[in-house]
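Let me begin by presenting the structure, written as structure tokens, before commenting on it.
Values in this text are rule-based calculations from the coordinates and carry no lab data. Note that the structure is a prediction, hence the values are computed from the model and not measured. Note that each Cβ is placed from the backbone with ideal geometry, even for glycine, and that neighbours are counted across all protein chains shown.
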Amino acid sequence: MRVAFLNPSGQMGGAEKILLDLLLGLRAKESSYEIQLVASAEGPLVVRAGELGVSTTVLPFPPALARLGDAGAGGPAGRQVDRYTLIGRALSASGATALYLRRLGALLRKLHPDIIHTNGMKMHLLGLQARPRKTPVVWHLHDYVSARPIMARLMRAYSPRCSAMITCSKSVAADLRELCGPEIPAQTIYNGVDVDVFSPEGPTVDLDELAGMPPAPKNVVRVGMIATMARWKGHEVLLQALARIPADLPIRAYLVGDALYQTDGSQYSIPELREMAARLGVEHRVGFTGFIPEPAAAMRACEIIVHTSTQPEPFGLVIAEALACGRAVIVSMNGGAAELINPGVTALYYRPGQPSALAACIIRLAVDEELRARLGRAGRAAAVQRFDRNRLASQVVPIYQRVRAAEAVLSTDKHG
Ligand code: GLC
């Protein structure tokens, strides 16, 4: 079996972590598989896939195609980009897209895969358009399609040609069914985490030092938010929550992460968030560490991990990771994130975009070490049971087999 994976980035976001976990699992369990990765840019994803023994090709998106995105068009947290601006951009990118499709088509003809597995919105569409000889395409969805006005239309139009769809949560599957019809071949496979790396015991990092802050007092309770800088991840909700926490409660928050994606207008910058923190008068209580390569060590350095997305979270990998680290987790209860926790047992939760409710959860945990420990133990047990990444490849392989068997029947029909 030859599988070509197409990824619309070379950076390591959540979707790319899962891709690497899947590649690792396939290498371990299916030694006869020939695995190829095509990424749209150089970056750590390509390096790490290469280290796993996967043959990789970088076929760079032209800049106009790389910047194109309508993710910021939906929610209240994003900078509003109107539909016509988006369509204008799409048209200006269309020449670049046509050229890219020709190159991708030529590359795929050379790689000659049995299955094309696409791991992101742009590649779902490009993969179907560029595939040689109707090679079956499997979409692996990590995002809500309906939140993106232009993509939604295109995805609906192309969905009948897609052989199988994997979604990272039931909530993403429901969104896709709503858009493309109840009969689509969608199956949910929950993301996995490395429960040996994301574990309660292990090295930690000095968050104060990384954030350039003076050492915190001994009794401080550390609250971590680990996220890309996408606006809908809700950094402002945490900053506003901090402003509502009494000044004498020894709390320090750390925003871990950096701008990652190339799409226009969809991200915060650290200076922008620093300014917001200063306006809210919480700059002394919050540190910005930038990207930290060992998120598990950053999580272990915190007592509390918060998730603050203001729009429905397709899955929320950091939630599963923080549970596996045995931390006390607070979840913005919406979308796939709601499927990951047992409310009140493995994590606390609040309504998305409500800084006061988040502040109340933080205060509750900050003053109750016993509650933190109880959530941490239950969260760890649940994560080991539900989110061990070793499960991924064994769930995906039957899908490939089914798709290939269906393809064989179709081609006998055509030729026989
Ligand atoms: C995307 C989603 C996130 C999910 C990740 C992996 O980044 O936004 O919720 O955890 O993909 O599926």
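Please state, as a whole number in µm²/s, the translational diffusion coefficient that the Stokes-Einstein equation yields for segment 180-326 at 25 °C and 0.890 mPa s, with Rh defined as the Kirkwood radius across alpha carbon pairs.
On the way: Rh = 16.4 Å.
It comes out at roughly 150 µm²/s.
Using a Förster distance of 41 angstrom, determine the FRET efficiency expected from the C-beta separation of Arg351 and Ser394, and round it to 0.05. Don't skip to the end; give the middle numbers.
Working: r = 36 Å, r/R0 = 0.89.
The computed FRET efficiency comes out at 0.65.
Given H placed on each backbone N at 1.01 Å, which residues far from Val286 in sequence or on other chains put an amide H within less than 5 Å of it?
Excluding prolines and chain starts, which carry no amide H, the hits are Ala253.
Summing -39500 (n - 2.57) over the DSSP H runs of n ≥ 4 in the chain and dividing by its residue number, what mean residue ellipticity at 222 nm do you reach, to the nearest 500 deg cm²/dmol?
Numbers: 16 runs with 185 residues, N = 416.
After summing the helix terms and dividing by the residues of the chain, the value is -13500 deg cm²/dmol.
For the chain, set up a Gaussian network in which alpha carbons nearer than 10 Å are linked by springs, and say which option among Pro352, Pro44, Pro293 fluctuates the most.
Pro293
Given points 7 Å out from each Cα along the Cα-Cβ axis, report the Val409 to Glu272 separation in nanometres with one decimal.
5.0 nm
Provide, as a two-decimal number, the C-alpha radius of gyration of the chain over 2.2 N^0.38 Å, N being how many residues it has. Present the calculation step by step, with values, prior to reporting the outcome.
On the way: Rg = 21.7 Å, N = 416, 2.2 N^0.38 = 21.8 Å.
Compactness ratio reported: 1.00.
Which distance in nm do the two modelled labels at Lys110 and Val58 give, with both placed 7 Å along the Cα-to-Cβ direction?
1.6 nm
Expressed in nm², what is the orientationally averaged projection area of the convex hull enclosing the Cα positions of segment 279-360?
Working: hull surface 23.9 nm².
So the Cα hull casts an average projection of 6.0 nm².
Distance in nm between label sites at Asp196 and Glu42, each 7 Å beyond Cα in the beta-carbon direction?
The modelled label-to-label distance comes out at 3.2 nm.
Can you give the net charge of the other residues whose Cβ lies under 13 Å from the Cβ of Ser356, counting K and R as +1 and D and E as -1? Please report the intermediate quantities before stating the final value.
Values: positive: Arg244, Arg351, Arg364; negative: none.
Summing Lys/Arg as +1 and Asp/Glu as -1 gives +3.
Between Rg and the Kirkwood Rh of segment 22-66, both from Cα atoms, what is the Rg to Rh ratio? Don't skip to the answer; put the middle values down first.
On the way: Rg = 12.1 Å, Rh = 11.3 Å.
Ratio of gyration radius to Kirkwood radius for segment 22-66: 1.07.
On a full-extension model of 0.36 nm per residue, what is the gain between Ala216 and Val384, subtracting their alpha-carbon distance, rounded to one decimal in nm? Present the calculation step by step, with values, prior to reporting the outcome.
Numbers: separation 168, 0.36 × 168 = 60.48 nm, distance 3.21 nm.
Fully extending the segment from Ala216 to Val384 adds 57.3 nm.
Please return the longest range in the chain lying between exposed loop sites, taking GluC sites (Glu not before Pro), DSSP loop only, at most 11 other beta-carbon atoms within 10 Å, and leaving the sites out.
On the way: sites that count: Glu183, Glu201.
The longest uninterrupted stretch comes out as 202-416.
From the P(r) of segment 290-416, can you give the percent of Cα pairs sitting at distances over 16 Å?
Working: 5343 of 8001 pairs.
The calculated P(r) of segment 290-416 puts 67 percent of pairs beyond 16 Å.
What does the net charge come to around Glu275 if you take all other residues with beta carbon closer than 13 Å to its beta carbon, with K and R at +1 and D and E at -1? Could you put the intermediate results ahead of the total?
Working: positive: Arg274, Arg279; negative: Glu236, Glu272, Glu283.
Surrounding charge for Glu275 is -1.
So, how do all the Cα-to-Cα distances of segment 175-214 break down into 10 Å bins, in percent, from 0 on up?
Going from the shortest bin to the longest, the percentages are 20, 21, 19, 18, 19, 3.
Rg to Rh ratio, segment 106-233, alpha-carbon atoms and Kirkwood radius?
On the way: Rg = 20.5 Å, Rh = 17.9 Å.
With Rg and the Kirkwood Rh in hand, the quotient comes to 1.15.
Can you tell me the mean projection area, over all orientations, of the convex hull of segment 97-155's alpha carbons? Units nm², please. Display every interim value, and only then the final one.
Working: hull surface 15.8 nm².
Projected over every direction and averaged, the Cα hull of segment 97-155 covers 4.0 nm².
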